[in-house]
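Notes follow once the structure below has been shown.
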Amino acid sequence: MALVSFFTHPNKIRKMKSDDDNRKDGSRKPTPLEGIVGAFEELADLVKKEGGGDLRLKPFLEACSLLPVLFGCLGMAFKFAEMEYTAKVGDLQEASKKFNNLSSVVDFDLKNKTVKSQGSHTRNLRRVRQGLDLIRELFQNFLSAEKWSLKKAATTAYQQTCAPYHTWAVRTAVSAGMCTLPSRDQLLLNLNETDKTAEKEMRRYIKASGDVIKVIDNLYISRGITLDW
């Protein structure tokens, strides 16, 4: 029993994971959350360097393609969100062979009157943006002073960002899946983070992703496209 306890105790598992993450040269391999945060901070810096009005499609999608690992850590409750998000990112990756930046994607659909058409690149960009915002809201709720449970943090985030645009069937499925969410401690273990490191990385993501989301929203607003869809 003592041996079993050693290998199943969360602290031991975390230590073993940490040891595995150390590189041969002594440096520490970034956690998944650190990798995502770093990519979005680079995007936010790119926004500032290029004037804040647009984003190149390929670096944007490189950062977005890292996000599914977070959905995976949340379990079955976010499986639909992960599948939808991954499909939309995949569509935009195909589009990146033709378009250089986000504005060219939106302008193409404006010209062809397909902005809100099912499967259009602009519609898929809108859904990717919602995925970024879903994680952002979840992190903000997770870090609230009230120390919300992960279920409450995730449920509230979903209701604020995605639920208004999903069908009743999808909302019902997501609601049922919320019961399968891991605990706060298990999520940190899944992410290979501690309370302290998770708070630091989540706050960095909240800021960086907010800058990126603002660029996308401004692209729509500047072209007379509403954000309520």
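The values are calculated or read from the model by the stated rules, or taken from the named source; none is laboratory data. As the structure is a prediction and not an experimental result, all values here were calculated from the model. Heads up, the Cβs are rebuilt from the backbone with ideal geometry, glycines too, and the neighbour counts pull from every protein chain shown. Each accessible area value is taken on the protein alone, full model and side chains, heavy atoms only, with ligands, DNA and RNA left out. Shrake-Rupley method; radii C 1.70, N 1.55, O 1.52, S 1.80 Å.
Under unit Cβ charges (Lys, Arg +1; Asp, Glu -1), what dipole magnitude, rounded to 20 debye, does segment 104-229 have relative to its Cα centre?
Details: 20 positive and 13 negative charges, 56 e Å.
Here segment 104-229 has a charge dipole of around 260 debye.
Can you give the Kirkwood hydrodynamic radius for segment 42-164, in Å, rounded to one decimal and based on Cα pairs?
15.5 Å
Read through the labelled values (i) 25, 20, 18; (ii) 33, 21, 15; (iii) 26, 24, 14 and report the label of the one computed as semi-axes √(5λ) of the Cα gyration tensor in Å from the structure.
The listed entry that was calculated here is (ii).
Do the sum for the chain: with -39,500 (n - 2.57) for every DSSP H run of n ≥ 4, divided by all residues, what is the mean residue ellipticity at 222 nm, to the nearest 500 deg cm²/dmol?
-22000 deg cm²/dmol
Assign one of three labels to segment 114-173, namely rounded, prolate or oblate, based on the Cα gyration tensor with a ≥ b ≥ c the square roots of its eigenvalues; rounded applies when a/c is under 1.5, prolate when it is not and a/b is larger than b/c, and oblate otherwise. Walk me through the numbers before you get to the answer.
Numbers: a/c = 4.29, a/b = 1.93, b/c = 2.22.
It is oblate, given that a/c is not under 1.5 and a/b is not larger than b/c.
Rounded to the nearest 0.05, what FRET efficiency do Ala176 and Arg223 give with R0 = 45 Å and r taken as the Cβ-Cβ distance? Could you check? Show your work: numbers first, answer last.
Working: r = 38 Å, r/R0 = 0.84.
Once the sixth-power term is evaluated, E becomes 0.75.
Between Leu125, Gly177, Ser104, whose Cα lies farthest towards the positive end of the dipole of the chain when Lys and Arg beta carbons carry +1 and Asp and Glu beta carbons carry -1, centred on the Cα centre?
Gly177
Jot down the radius of gyration and Dmax of segment 171-216, Cα atoms only, both in angstrom.
Cα radius of gyration and Dmax of segment 171-216 are 14.2, 34 Å respectively.
In 10 Å bins starting at 0, how do the alpha-carbon pair distances of segment 113-229 split up by percent?
12, 39, 32, 15, 2
Given +1 on the Cβ of Lys and Arg, -1 on the Cβ of Asp and Glu, and no further charges, what dipole in debye does segment 164-216 carry about its Cα centre, rounded to the nearest 20? If you can, show how the numbers build up before the last one.
Numbers: 8 positive and 6 negative charges, 42 e Å.
The calculated dipole for segment 164-216 is roughly 200 debye.
If you count only protein heavy atoms with a 1.4 Å probe, what accessible area per residue comes out for the chain, rounded to a whole Å²?
53 Å²
Could you give the dipole magnitude of the chain about its Cα centre, charging the beta-carbon of Lys and Arg +1 and that of Asp and Glu -1, in debye to the nearest 20?
Details: 36 positive and 28 negative charges, 32 e Å.
Dipole magnitude for the chain comes out near 160 debye.
Ignoring ligands, DNA and RNA, please state the percent of accessible area on segment 75-146 from carbon and sulfur, probe 1.4 Å.
Details: 1660 of 3310 Å².
That share works out to 50 percent.
Ignoring ligands, DNA and RNA, how do His121, His166 rank by accessible area with a 1.4 Å probe, largest first?
Numbers: His121 45, His166 20 Å².
Result of the area sort, largest leading: His121, His166.
Quick one: longest stretch of the chain between exposed loop GluC sites (Glu not before Pro), exposed meaning at most 14 other C-beta atoms within 10 Å and loop per DSSP?
51-145
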